[in-house]
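Visitor: Structure incoming, see below.
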Amino acid sequence: MLAIYKREMRSYFTSPIGYIFLAIFLAVSGVIFSLTTLTQGNASDITMYFTYMLISFFVVLPLLTMKLFADEKRQRTETLLISAPISITSMVCAKFFAAFSMFLIGFSVSLLNLIPFFYFASGNPDLKTILGSLLGLVLIAAAFIAIGVMVSALTENQLVAALGTMMIILVFVMISIFNSSIESYFLRTVLSWISVLDRFTLLAVGRFDISAIVYFISLCFSFLFVTVRIYEKRRWA
Amino acid sequence: MIEIKNLVKRYGDFAAVNDISFSIQDGEIVGFLGPNGAGKTTTMSILTGCLSMTSGSVTINGVDIFDEPLEAKKQIGYLPEFPPLYLEMTVREYLNFVYDLKNCTLDRAAHINEICDRVKLTHVANRIIRNLSKGYRQRVGIAQALIGNPKVIIFDEPTVGLDPKQIIEIRTLIRDLGKDHTVILSTHILPEVQMVCDRIVIINRGKIVADEKTEDIEKVVAGSRQIQLKVCGPQKEVQNAIKGLSGIKYCEVIGEREMQSTAFLVESEAGLDMRKGIFNLCASRAWPIIGMEAVGLNLEEIFISVVDENGQGGKKKKGKKGDK
């Protein structure tokens, strides 16, 4: 498992994609930060920054995940991994963690944005909301990366993998926007359960909402589980 | 030891592998021979755990590939049809990766150096795989299969697309590996298995049509000996005289050749060498023979002969096993 993780990490940095991801991620987070806080009058409110970061994930995270399995298939290196004495689960997890680590690298660097925030903030910024939002973003990113891992396992074309991932992430993010126009109370409640944005809002206002955390983690697990199944199924087909 | 029992692989209605069984002893080099689409690669994929079977079982040294895939895979080195190479890595990085992937416990540097030495990769070890030629990439693929010293090595068409010199080198290497490993080799080139393997399993349309020692297959091949003959002499007379020899199945005129000679295609009964007889005949009539060569059977003809003996024509006598 460690071998695949190390190889994936290495390939992020020996191919342009790792740098492209970091550049886009940092540029987007910088722009969002200055637009939502520095140029606004109310410099102590940072919630909008986190919400827009969450939305930006749908563009940047597929960059990390699109190659994971699609490229193995294109280069026909998949057989090496499958015929090696490692389980499919550890292969999928290794790839997931590699992409997740890349995200964490970019995400930690983007935390530098908070330095000017604390410097310019008028009054006392609410630490609870900031920590809650950060936790929420990391968990949501994990879930979205798991979605990307799954889509990548379905195709050998990286572009298809990226676009497919974007579409699924978009659905999860956009549910709450369409939700307000749905008549049925029942449907609205169900949709708000699976809406990533709604759940994130709870964390972002500083409420340590266990159900949201469990939801994000289980979202992540389900998609990784489906990926493992996809590989098992391919053997069976 | 590898034991394959009643292996079946279906894709919908199509049976890519249809009930094949055979076992391979330790230290054997087995050639898996068949035309394209016969089910060779499917069988290899099942053997290496990349694909599951519809029914049947595969055990490798007593470990079932289905029940304990990790344990079974440890014993196998596999070179697929397309060598699974990460083009952006150097040879050494790649082999190190495979070493980690297989959880190898041998001494890392010594083991990798030894393998590089064995497949003659040492001088390109620090080059990026993308920049290597097809032949070298193939060797990296072989090196990858050797890492961890697996007991069983499986090669899927290892010499396709290589130049003649590389083909010879790779065949020599495979023979050499056969001394301390069990090797399974798939190919559609008959001379290759004849040169390299101890035993030949011929597969066609998902079924085993022959499973013989290499010498025995050679007898099948030799059994229906055809020769091409060039004789200077009156065409009709020569033809009739040769047909009159005992044991000649047919003699047909191919065409006029140099020095007013005629070329004939002559075929004798199985197991009979007719060359002396023909020489004596022509000598007694003073018809100079200016050319006589054996026409080797190609794979298709062997298939026909092997398939024939399994019932349809029964022209060639020889062989036992076949499809059930």
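Where a number appears in this text, it was derived from the coordinates with a stated rule and is not lab data. Since this is a predicted model, take the numbers as computed values, not measurements. Reconstructed Cβ throughout: ideal geometry from the backbone, glycine too, with neighbour counts over all protein chains shown.
Visitor: Over chain B, what is the relative contact order in whole percent, taking alpha-carbon pairs under 8 Å and six or more residues apart?
Guide: Dividing the mean separation by the residue count of chain B yields 18 percent.
Visitor: May I pose another question? Pairs to check: A:67/B:73; A:73/B:73; B:9/B:73. Give those whose C-alpha atoms are more than 23 Å from each other in this structure.
Guide: Check vs 23 Å cut-off fails for A:67/B:73.
Visitor: Roughly how many Å is it from the Cα centre of the range B:247-282 to that of the range A:111-164, as a whole number?
Guide: 82
Visitor: Here's a follow-up. With the contact rule set at Cα under 8 Å and sequence spacing of 6 or more, what percent relative contact order holds for the range B:136-253?
Guide: So the answer I get is 16 percent.
Visitor: Averaged across B:52-59, how many Cβ atoms of other chains sit within 10 Å of each residue's Cβ atom?
Guide: 1
Visitor: Could I ask something else about it? Enter the angle in degrees (range 0 to 90, nearest 10) between the Cα long axis of helix A:127-154 and the first principal axis of the Cα atoms of chain A, meaning the one along which they spread out most.
Guide: 30
Visitor: Another one. Convex hull volume of the Cα atoms in the range A:157-220, per residue, in Å³?
Guide: 105
Visitor: Right, another one. Ratio of the range B:244-295's C-alpha Rg to 2.2 N^0.38 Å, to two decimals?
Guide: 1.13
Visitor: Of the beta bridges DSSP finds with both residues in the range B:2-220, what % are antiparallel, to the nearest 5?
Guide: Restricted to the range B:2-220, the bridges split so that about 55 percent are antiparallel.
Visitor: Which whole-number percent gives the relative contact order of the range A:2-236, counting Cα pairs below 8 Å spaced six or more residues apart?
Guide: 27 percent.
Visitor: Given C-alpha coordinates of the range A:96-169, what is the ratio Rg to Rh with the Kirkwood estimate of Rh?
Guide: On the Cα set of the range A:96-169, Rg over Rh gives 1.13.
Visitor: If one computes the Cα centroid of the range A:43-93 and of the range A:215-232, what distance in Å separates the two points?
Guide: Measuring centre to centre over Cα atoms gives 13 Å.
Visitor: If you fit an axis through the alpha-carbon atoms of helix A:47-65 and take the longest principal axis of the Cα set of chain A, what angle between them do you get, 0 to 90°, nearest 10?
Guide: Between the helix axis and the principal axis of chain A, the angle is about 10 degrees.
Visitor: Counting only DSSP beta bridges with both residues in the protein assembly as shown, tell me the antiparallel percent, nearest 5.
Guide: That works out to approximately 70 percent antiparallel.
Visitor: What translational D, rounded to a whole number of µm²/s, comes out for the range A:2-236 from Stokes-Einstein when the hydrodynamic radius is the Kirkwood one over Cα pairs, at 20 °C and 1.002 mPa s?
Guide: 115
Visitor: What is the dipole size for the range B:47-172, taken about its Cα centre, with +1 at each Lys and Arg Cβ and -1 at each Asp and Glu Cβ, in debye to the nearest 20?
Guide: Dipole size: approximately 520 debye.
Visitor: Which whole number gives the average count of other chain Cβ atoms within 10 Å of the Cβ atoms across peptide B:96-103?
Guide: 6
Visitor: Here is a follow-up. Rg to Rh ratio, the range B:2-220, alpha-carbon atoms and Kirkwood radius?
Guide: 0.96
Visitor: Report, to the nearest 10°, how far helix A:158-179 tilts away from the longest principal axis of the Cα atoms in chain A, using its own Cα long axis and a range of 0 to 90°.
Guide: Compared with the principal axis, the helix lies near 40 degrees.
Visitor: Ok, one more. Determine the distance separating the Cα centre of the range A:16-37 from the Cα centre of the range B:155-177; give it in Å without decimals.
Guide: 51
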